[in-house]
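Enquirer: The structure is given below, and queries will be raised subsequently.
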Amino acid sequence: MVGPMLGRMGGVSETRTGWTFLTSHARVLAAIAEDREIRIRDIAARCRLTERAVQKIISDLERDGYLTHVRRGRVNVYRIEPGTILRHPAEAGLTVEDLLSALAQHDARRDGRRDGGSGGQHGGRSDRQRDGASEQSSVTPSGGRGAASES
């Protein structure tokens, strides 16, 4: 996108100029990791995208193996493939789970929470990690456990 964009999406006034650090694909993936049954409408509002853009992004993520979904009644239930490697050569070896974990730690610090392995003011480590125990479960951007890897 070139130049400023002014508009209202989902009742939220928005102003953007040029580029952002996180892609829309990363934002959509993080929204899904936080709520596996989230509606496209809600993803669009949260990410400040159109519903059509979200549909395209979900299609991209499914096509490239980052995401799958099953239909349960009137609801899509998404499953993120946490071990999938990120696409850009600069992130070689980093997985979707690594990305979502970093976003969860950021959100936890921003919101003043100590869950999700962020440790709040302890440099991104949980009490268990500081005590020498490692945590193996997946972490969602909201700091919840397991949504990124449950089936």
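Rundown of residues vs (1) farther than 21 Å from Ala108 by Cβ; (2) touching a residue at least 12 places away in the same chain (Cβ under 8 Å); (3) in contact with a strand residue (DSSP E or B) (Cβ under 8 Å, 6 or more places away or on another chain), yes/no style:
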{"residue": "Ala26", "(1), (2), (3)": "no, yes, no"}
{"residue": "Ala33", "(1), (2), (3)": "no, yes, yes"}
{"residue": "Arg36", "(1), (2), (3)": "no, yes, yes"}
{"residue": "Lys56", "(1), (2), (3)": "yes, no, no"}
{"residue": "Arg74", "(1), (2), (3)": "yes, no, no"}
{"residue": "Ile80", "(1), (2), (3)": "no, yes, yes"}
{"residue": "Ile85", "(1), (2), (3)": "yes, no, yes"}
{"residue": "His88", "(1), (2), (3)": "yes, no, no"}
{"residue": "Leu94", "(1), (2), (3)": "no, no, yes"}
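Enquirer: Next question. Looking at region 44-58, which of its residues are closer than 15 Å to His69 by Cα and open to solvent by less than 20 Å² (accessible area, probe 1.4 Å)?
Expert: Val54, Ile57, Ile58
Enquirer: Select from region 33-49 the residues that are in contact with a helix residue (DSSP H, G or I) (Cβ under 7 Å, 6 or more places away or on another chain), in a helix (DSSP H, G or I) and not charged (D, E, K, R) and list them in ascending order.
Expert: Scanning region 33-49 gives Ala33, Ile40, Ile43, Ala44, Cys47.
Enquirer: Here's something else I'd like to know. Considering Arg27, Arg63, which residue is touching a helix residue (DSSP H, G or I) at 6+ places or on another chain (Cβ under 6 Å) and among the charged types (D, E, K, R)?
Expert: Arg27
Enquirer: Does Ile85 count as touching a Lys or Arg at 6+ places or on another chain (Cβ under 9 Å) and either farther than 15 Å from Ala31 by Cα or of a type in the set (A, V, I, L, M) (or both)?
Expert: In short, no.
Enquirer: Here is a follow-up. Could you figure out which of (1) of a type outside the set (S, T, N, Q); (2) assigned to a loop (DSSP other than H, G, I, E, B); (3) modelled with pLDDT of 50 or more isn't true of His69?
Expert: Here His69 clears every test but (2).
The values are calculated or read from the model by the stated rules, or taken from the named source; none is laboratory data. These numbers come from a predicted model, not from an experiment. Here the Cβ is made from the backbone with ideal geometry for all residues, glycine too, and neighbour counts use every protein chain on show. Only protein heavy atoms, including side chains, enter the accessible area calculation; ligands, DNA and RNA are left aside. Shrake-Rupley method; radii C 1.70, N 1.55, O 1.52, S 1.80 Å.
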